[in-house]
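Below you'll find the structure, written out as structure tokens, and then a few comments.
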Amino acid sequence: GPGRGRPTWRYSTVSRSTIFDARQLVGLIGRGAPVTSVTVNECVKWMTAFEDSNQHKIPLTNGANRLGWQHDKSFLLPDGHIRLDAHQELKLFPQEGMQPVMDSLRCGGTWEGWLETISLLREHPLAMLAIYASVASVLQPITMCKNFAVDWSAETTKGKTTSLRVAASVWGFPAEDDDDGFIYSWDHTKVWAERTASFLHNLPLILDETKRVKDKQAVADTVYDFCFGRAKGRGTLQGVKETQSWRSVLLSTGEQRLTSFTQDGGTRGRVLAMQGAPITGPAQTARVVADTVNSRLITHYGHLGRLVVKYLVFHHESWDSFREAFETRRNAYASMTNTGVGGRLS
């Protein structure tokens, strides 16, 4: 790459169409590509000649630009492609800016250590719900359930963030993104939330503390867009950007219920709002439990999600029965209510 100092190599993955389109190729200037509007046509000619001369040498690799379930019912994570042996391995080509997310999705410690830690929460169902919601995220394409959110609200901390750390520990490092973790702050932009949800695809999006957002409408818009499961189309210098989509679960905390940010019935019907302390009991006891769980989860994390996905990949012939079981449960819950919102919550 050119620069004021000594030129250095820079690496960037782009689509084949980009390097053979002069307009798109000029757009790579921002990534350090040694091309200008004067030389771009010559660069395209050189790329074309290079490909023609090396067709027999250029390896072909199947790639994907997002995580989660792929078309062949395999599952892609930053640290591996979980698939049946017959499926060809995919190489991940992440969107720009997604490296921190990839780094957070890793394993640490042992499966047994994680199980022992979680056993401390067996008498605290609102905290255990975080595990189920985090796992439910990858079941979404199987059950065909619409996107939804699970929210923990309480005036004081009392285990809210601990619940998110439990949820994050299913897939990766259970800390805030400042510490290279899988928990993100609500004060990220709406566009960031869309891009991240699209990249995670079927993994949960975990956002902590709605009070950090000054504009309540921004919270309502993010929840609406997430539950809708598709980003709004946006124009770029090269034309209309490819629509981003996801099928997932949003996990959130705040001092007030997530449903209080919107009056839209459709959105409210997609939010399971849990009020009160996730870790119950005397204050001192609850604090000891929360502190112990938090300190141990920093060591043991990332195992459950991978075990669940492996099971689903190797039992894909049972997906229809999983869906039927889900529909039976859903209908049972729906029969308990006579309201439209209640039906959606079921």
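Report the label-to-label distance for THR48 and LYS146 in nanometres (one decimal), using points 7 Å from each Cα along the Cα→Cβ vector.
Distance between label points: 5.0 nm.
Over the chain, what is the percentage of antiparallel beta bridges among all DSSP beta bridges, to the nearest 5? Please report the intermediate quantities before stating the final value.
Working: 9 of 28 bridges.
Antiparallel bridges: around 30 percent, rounded to the nearest 5.
Can you tell me the convex hull volume per residue for the range 66-189, based on C-alpha atoms, in Å³ to the nearest whole number? Spell out each step's value before the answer.
Working: hull volume 18.5 nm³, N = 124.
Dividing the Cα hull volume of the range 66-189 by its residues yields 149 Å³.
With a point put 7 Å past each Cα toward its Cβ, work out how far GLU123 is from VAL313 in nm, to one decimal.
3.9 nm
Tell me, in nm to one decimal, what length is gained between THR280 and SER245 on full extension, where the rule is 0.36 nm per residue of separation less the Cα-Cα distance? Provide the component values of the computation, followed by the final result.
On the way: separation 35, 0.36 × 35 = 12.60 nm, distance 3.72 nm.
Result for the pair: 8.9 nm of gain on full extension.
Protein chains only, probe 1.4 Å: how do CYS107, CYS227, CYS145 rank by accessible area, largest first? If you can, show how the numbers build up before the last one.
Details: CYS107 55, CYS227 10, CYS145 30 Å².
Ranking CYS107, CYS227, CYS145 by accessible area, largest first, yields CYS107, CYS145, CYS227.
When the solvent-accessible surface of protein heavy atoms is calculated with a 1.4 angstrom probe, in what order do MET336, MET102 fall, highest first? Display every interim value, and only then the final one.
Numbers: MET336 145, MET102 30 Å².
Final ranking, largest accessible area leading: MET336, MET102.
Express in Å², to the nearest 10, the accessible area of GLU112 obtained by rolling a 1.4 Å probe over the protein heavy atoms while all chains stay in place.
Here the residue's solvent-accessible area equals roughly 120 Å².
Net charge within 13 Å of MET47 by Cβ-Cβ distance, Lys/Arg positive one each and Asp/Glu negative one each, not counting MET47 itself?
Working: positive: ARG16, LYS45; negative: ASP21, GLU42, GLU51, ASP52.
Net charge in that neighbourhood comes out at -2.
How many percent of Cα pairs in the chain exceed 30 Å? Show your work: numbers first, answer last.
Working: 26320 of 59685 pairs.
Tail of the P(r) past 30 Å holds 44 percent of the pairs.
Just to verify a number: FRET efficiency for ASP187 and ARG330, C-beta to C-beta distance, R0 = 45 Å, to 0.05?
Values: r = 34 Å, r/R0 = 0.76.
Rounded to the nearest 0.05, the efficiency is 0.85.
Measure off, as a whole percent, the carbon and sulfur share of the 1.4 Å-probe accessible area of the range 104-159, all protein chains present. Write down the numbers at each step before the final one.
On the way: 1490 of 2410 Å².
Within the range 104-159, the accessible surface is 62 percent carbon and sulfur.
Please list, in order along the range 74-84, the HN-Hα scalar couplings obtained from phi with the Karplus expression 6.51 cos²θ - 1.76 cosθ + 1.60 (θ = phi - 60°), rounded to whole Hz, x for Gly and Pro.
9, 10, 10, 10, x, 9, x, 10, 8, 8, 6
Over 18 Å apart: what share of the alpha carbon pairs of the range 185-308 falls there, rounded to a whole percent? Please list the in-between numbers first.
On the way: 4806 of 7626 pairs.
I get 63 percent for the Cα pairs in the range 185-308 exceeding 18 Å.
Taking R0 as 35 Å, what FRET efficiency do you get between THR36 and ASP180 from their Cβ-Cβ distance, rounded to the nearest 0.05? Don't skip to the answer; put the middle values down first.
On the way: r = 37 Å, r/R0 = 1.06.
In this case the efficiency is close to 0.40.
With a 1.4 Å probe and all protein chains kept in place, how do LEU126, LEU345 rank by accessible area, largest first? Write down the numbers at each step before the final one.
Working: LEU126 45, LEU345 70 Å².
Sorted by accessible area, descending: LEU345, LEU126.
If r is the Cβ-Cβ distance from LYS216 to ASP79 and R0 is 45 Å, what FRET efficiency results, to the nearest 0.05?
On the way: r = 38 Å, r/R0 = 0.84.
Calculated transfer efficiency: 0.75.
Return one whole number: the accessible area per residue of the chain in Å², for a 1.4 Å probe. Each step should come with its number before you reach the end.
Details: 18920 Å² over 346 residues.
Heavy-atom SASA per residue in the chain reads 55 Å².
What whole number of Å gives the distance from the Cα centroid of the range 265-305 to the Cα centroid of the range 138-205?
12 Å
Using only DSSP helix segments of four residues or longer, with each worth -39500 (n - 2.57), what per-residue ellipticity at 222 nm results for the chain after dividing by its residue count and rounding to 500?
On the way: 14 runs with 144 residues, N = 346.
Calculated mean residue ellipticity at 222 nm is -12500 deg cm²/dmol.
The values are calculated or read from the model by the stated rules, or taken from the named source; none is laboratory data. Everything numeric in this text was worked out from a predicted model, so none of it was measured. Here Cβ is always computed from backbone atoms with ideal geometry, including for glycine, and neighbour counts include all displayed protein chains. All accessible areas refer to the heavy atoms of the entire protein, side chains included, with ligands and DNA or RNA removed. Shrake-Rupley method; radii C 1.70, N 1.55, O 1.52, S 1.80 Å.
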